[in-house]
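Heads up, the thing below is written out as C-alpha cells.
FYI, it's all coordinate maths here, none of it is from the lab. Here the structure is a predicted model, which means the values were calculated and not measured.
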Amino acid sequence: MHELALMEELQRIALATAAAQGAQRIHTVMLRVGRLSGVDPDALAFAFEVVMAGGIGQGATLELEVVPTQCRCGGCGQRFEPVDVIFACPICGELSADVLRGRELELTGLELS
Ligand SMILES: [Zn+2]
C-alpha cells in the first residue's frame, strides 16, 4: 500500500522534527499533494491515523492541500488545468507533456508543542 509507506516516512520526519524541538505532542501535519502524485487523499488520511496511533502524534490532524494539475502548452504557451488524463490544450488542442505542477508530495508544516 503506497499511502501507508508514505505516511510511515512522513511520521518518521514528524517524529524526528518533534524530537529535535523537544516537543511532546504533534497537533497538525500539513501536507501538499499534487493530483498527479497518484495518491488517494482518503487513503492517506486513513494511513495517517494508522501510523500516528499510540504515539505522540495520536489524534493529530492531517491537513491536505491538494494541488491541481497544471500544464503548459508547447504550441501556444497557454497554461491550463487538464480536465482528464489527456492533457490537451483548450486553446489550440495540442497535447502537452509539460507538467508545471501536480506531482508534489511534500511536508509543508508541523504544529508541535
Ligand atoms: Zn495550445
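Annotations for the structure displayed:
- Given their separation in residues at 0.36 nm each and the Cα-Cα distance between them, Asp98 and Glu111 gain 1.2 nm when the chain is fully extended.
- Bridges between two residues of the chain, per DSSP, are antiparallel at a rate of about 65%.
- Amide H contacts of Leu110 (H built 1.01 Å from N, under 5 Å, at least 5 apart or other chain): Met30
- Values of log10 I(q)/I(0), in the order q = 0.15, 0.17, 0.18 Å⁻¹, for the chain under a Debye, Cα-only, solvent-free model: -0.67, -0.77, -0.82
- For segment 19-113, the relative contact order comes to 42 percent (Cα pairs under 8 Å, sequence separation of at least 6).
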